[in-house]
Structure formats: C-alpha cells, structure tokens
Amino acid sequence: MTIQELDKQSEEQALKQLEVIKRGSLEIIPEAELLAKLKSSIRNSKPLRIKLGVDPSTADLHLGHTVILEKLRTFQDLGHQVLFLIGDFTAQIGDPTGRSETRKNLTREEVLKNAKTYSDQVLKILNPSKTQIVFNSQWTDNLKIQDVLKLTSMMTVARMLERDDFQKRYKEGHAIALHEFLYPIMQAFDSVQLRADVELGGSDQKFNVLLGREYQKAYGQEPQVAVFMPLLEGTDGVQKMSKSLNNYIGLNEKPEEIFGKIMSISDKLMYRYYELLTSEDLKMIKELHPRESKARLGGILVDRFYDSDTAKEVAEKFDAVFSRKLVPDNIPEVIINSKQIPLTKLLAEQNLATSLSEARRLIVQGGVQVDGEKIIDTAFVIEGKKEITIKAGKRKFLKVSFKQS
C-alpha cells in the first residue's frame with residue numbers, strides 16, 4: 001500500500017470514529033485537532049490517551065455521571081485507552097464550578113472513603129482492560145512550595161475572573177477564597193502529568209478543561225482536545241440530575257428502582273436518555289410504542305449495572321404489578337402498637353413519604369391507596385381491625401397489621 005493510500009485509509013477511518021464520538025457530544029474544541037489525532041492514532045497503531053477526572057465528593061454515582069462514562073466507553077470501543085482520574089487531592093480543595101459560595105472542604109478520610117466505591121461503579125460501564133485508574137495525589141503529594149509557585153505564576157487573577165461563577169461572586173461581593181483558584185490549576189496540571197490527548201467533561205467544566213490545554217502548551221506538550229458532554233436532566237425532566245434534588249437514578253440502586261424510575265419518566269426525556277446513555281438506533285427506538293421503548297431502556301440499564309437475568313426478572317415483576325395491577329410478593333410488613341394511626345403519620349414513619357407534608361401532598365394528588373381504594377382525605381385514620389395493604393406512589397407497598405390487646 002502506498003503512503004497516499006495509507007493516508008486516505010487512515011482519514012476515512014478517522015472520520016468514521018469522529019462521527020461516532022460526536023453523537024450526543026455538545027462541543028469538541030477543536031474538532032480539527034481531534035480528527036488529526038485520530039488519524040495519527042490509526043496510522044501509527046497508537047491508542048489515544050483519554051482523560052476524565054472525577055472528584056469523590058459523594059459515595060455514589062448516578063446516571064448523570066454515566067453520560068461521560070458512556071462516551072469514554074465509546075473511545076475504548078474505538079481502540080483508545082482511558083485514564084480515569086480520581087481527584088483525591090482536588091476533592092479536598094473543592095470544585096468552585098457553579099458555586100455561589102466557597103465549598104466546604106472534605107477531609108482526606110472522607111475523600112478516600114468515597115473513592116473506594118468509584119472503581120467498582122465505573123467498571124460497570126468501562127472496559128477494565130482499557131481503563132487505567134489513577135489518583136492525582138500520586139504527583140500532588142510530592143509537590144514543593146516552589147512547584148506550586150511555578151504553577152500559579154502561569155495564571156493571572158484577571159484570567160481567573162473570566163470564569164462566570166468567580167465573576168458573579170466578585171461582582172456580588174461574595175468571598176472567593178484563594179485556595180479556590182488552585183482548583184482549575186491543579187486540574188490542568190493533571191493533564192500535564194497524564195499527557196492526555198483528549199479530556200472529557202460536562203458543559204460546566206469548560207474553563208477547567210480548556211485550561212489544561214494552556215498548561216500542556218506551557219510544558220511543551222501537544223495540547224489535549226476538549227470533548228464536552230451535556231448535563232443530563234433528572235427524572236423531573238427539568239433540573240440537572242442531582243442527589244440533592246432527589247431526581248436521580250443511582251448506579252448502585254436496586255434493579256427494580258432503576259427500572260421503575262425509567263418507566264416513570266416522560267417520553268421526551270426517555271429519548272434523550274437513549275441518545276446520551278446508549279448506542280441504540282434512535283430511529284428504530286422511535287418506531288416502537290413509548291412504553292415498549294421505556295421498558296427496553298430500563299432493561300438495558302439494569303443489564304448494564306447488574307445482569308440480563310435480573311433485567312428480565314424486574315421487567316416481568318413490573319409488568320405484573322403495574323400493568324395487571326397486582327400486589328407484589330414479599331412486600332414489607334409492619335405491626336402498629338396502637339388501635340389506629342393517621343395515614344399521614346404512617347406514611348412518614350414508614351418512609352413511604354419523606355415527611356408529613358410530603359405525605360399530605362401525596363394523598364391530595366391521589367397517590368395513596370388503602371386496600372386498593374384511593375384515599376384523598378389527609379385526615380384519614382387507619383383502624384386496627386385487620387391486615388391492610390398500603391400503596392404509596394407507583395412502586396411502594398406496605399402491609400400493616402395491629403397488635404391485638
């Protein structure tokens with residue numbers, strides 16, 4: 001094969017890879033550089049080094065995190081190497097992105113405790129043989145004050161204040177702690193240490209990721225390409241998926257919870273989840289009935305985080321309970337030590353609602369049934385005459401009996 005033919009073949013393959021990478025991506029900066037890197041990778045049979053940095057600020061990951069993990073898996077399927085960076089050092093600084101005030105610092109112990117769960121969770125999606133898990137404390141712990149001064153000397157206060165969140169806080173008179181300026185600098189230094197070819201990030205990480213390009217240039221390296229992914233809406237279809245907003249689907253949740261939450265989202269959101277979380281043919285998916293599409297998506301996710309047998313089992317149970325309106329087997333039971341109890345109090349105490357006000361709201365909205373009868377009276381009292389089955393929302397059941405005197 002001639003050099004010209006080899007170049008043409010490499011470019012064709014690189015263009016095909018680029019097309020796959022662009023699916024669901026929000027922005028690639030610069031796209032031409034990524035194409036060149038892909039072409040060089042194919043030509044020289046040398047995988048690209050794809051970086052993702054995650055701070056273990058909480059113990060569990062949710063589907064919002066998997067948007068980027070899925071893109072990492074795409075790179076792996078195309079033959080590239082993933083560098084999954086756990087920011088055990090940077091998590092102690094705290095990412096200032098989107099913050100209106102200084103983030104509370106985590107202790108080293110809190111960070112390491114959270115980090116323990118990350119490896120197992122991400123390897124539910126990533127290919128272990130093409131994943132290198134690294135901690136940025138490997139190099140930050142060895143830095144001297146002279147090294148830190150060198151890193152900070154490459155950045156100006158004016159450049160830092162270009163960040164929307166810093167700029168807003170400065171104008172509104174909110175404090176910006178000096179250590180917060182270190183966060184994007186240390187994230188950029190991670191790219192230098194890893195010699196990353198590509199870094200992935202959410203759309204809110206644009207400043208941090210692009211800063212990595214500048215630091216790599218300063219250290220004489222070829223700058224990384226930045227691939228930004230959109231932020232995934234939570235199950236409410238409005239706000240970013242977040243545990244604090246209780247609109248999340250966790251990777252470590254029970255399979256029936258994952259499946260049930262998927263079945264409860266809107267059709268519009270379901271198609272977005274397909275685009276960002278799967279490689280399914282969207283045209284084919286849209287030809288199916290929406291309920292069938294949701295069940296398929298729920299099955300895909302349960303299979304991914306558990307296994308195919310579990311996915312089949314939860315789908316069948318869901319169909320039995322919610323399509324045929326049957327009560328599931330082995331539902332929780334509780335014995336009440338009184339002759340009666342207000343329904344709102346029962347719902348709150350047994351975690352069928354998060355609070356008394358949430359219990360009242362659930363009842364008013366028609367989301368509570370007692371022995372199959374919908375209850376809309378917030379003053380309803382359950383009498384202790386027999387065993388009673390409570391259904392709250394779409395997926396929670398409870399058998400209630402009363403201690404006989």
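In order along the range 218-226, the phi-based Karplus estimate (6.51 cos²θ - 1.76 cosθ + 1.60, θ = phi - 60°) of 3J(HN,Hα) comes to 4, 8, x, 9, 6, x, 6, 8, 9 Hz; Gly and Pro are listed as x. In order along the range 11-17, phi translates into HN-Hα couplings of 5, 4, 5, 5, 5, 5, 5 Hz, rounded to whole numbers, per the Karplus curve 6.51 cos²θ - 1.76 cosθ + 1.60 with θ = phi - 60° and x for Gly and Pro.
Relative to the longest principal axis of the Cα atoms of the chain, the long axis of helix 308-318 makes an angle of roughly 40 degrees. If the elastic network links every pair of Cα atoms under 10 Å, which of ALA379, ALA115, ALA188 fluctuates the most in the Gaussian network model of the chain? Largest GNM mean-square fluctuation: ALA379. Projecting the Cα positions of ILE265, GLN187, ALA177 onto the charge dipole of the chain (unit charges on Cβ atoms of Lys, Arg, Asp and Glu, taken about the Cα centre) puts ILE265 furthest along the positive direction. Using the alpha-carbon atoms, what tilt in degrees (0 to 90, nearest 10) does helix 290-305 show relative to the longest principal axis of the chain? Taking the Cα atoms of the chain, the angle to 290-305 is about 70 degrees.
Between ASN127 and LYS16, the distance separating the two model label sites (each 7 Å from Cα on the Cα→Cβ line) works out to 1.5 nm. Any chance you could give the angle, 0 to 90 degrees and rounded to 10, that helix 108-122 forms with the longest Cα principal axis of the chain? That helix lies at roughly 90 degrees to the long axis.
Between HIS62 and LEU251, the built amide H atoms are under 5 Å apart, and every one of these is 5 or more places off in sequence or on another chain. Less than 5 angstrom separates the built amide H of TYR248 from those of THR235, SER242, all sequence-distant by 5 or more or on a different chain.
Counting only lysines at least 8 places from LYS168 when in the same chain, those with an alpha carbon closer than 27 Å to its own are LYS104, LYS206, LYS240, LYS243.
Note on LYS286: aspartates and glutamates with a C-alpha under 19 Å away, same-chain residues under 8 apart excluded, are ASP267, GLU275. If both residues of a DSSP beta bridge must be in the range 286-405, then about 75% of such bridges are antiparallel. At q = 0.16, 0.22 Å⁻¹, what log₁₀ I(q)/I(0) does a Debye calculation on the Cα points of the range 333-402 give, no solvent, two decimals? Each listed q corresponds, in turn, to -0.44, -0.88. Highest mean first, the peptides 283-290, 343-350, 153-160, 304-311 sorted by other C-beta atoms within 10 Å per residue fall in the order 343-350, 304-311, 153-160, 283-290. I need to check one value: relative contact order of the range 333-402, counting alpha carbon pairs closer than 8 Å and at least 6 residues apart, in percent. Once normalised by length, the contact order is 39 percent.
Cross-link partners of LYS8 among lysines, defined as those whose alpha carbon lies under 22 angstrom from its own and excluding same-chain residues fewer than eight positions apart: LYS16, LYS22, LYS37, LYS39, LYS46.
Read-outs: derived from the displayed coordinates by stated rules, not from any lab. Here the structure is a predicted model, which is why all the values come from computation and not from measurement. Here the Cβ is made from the backbone with ideal geometry for all residues, glycine too, and neighbour counts use every protein chain on show.
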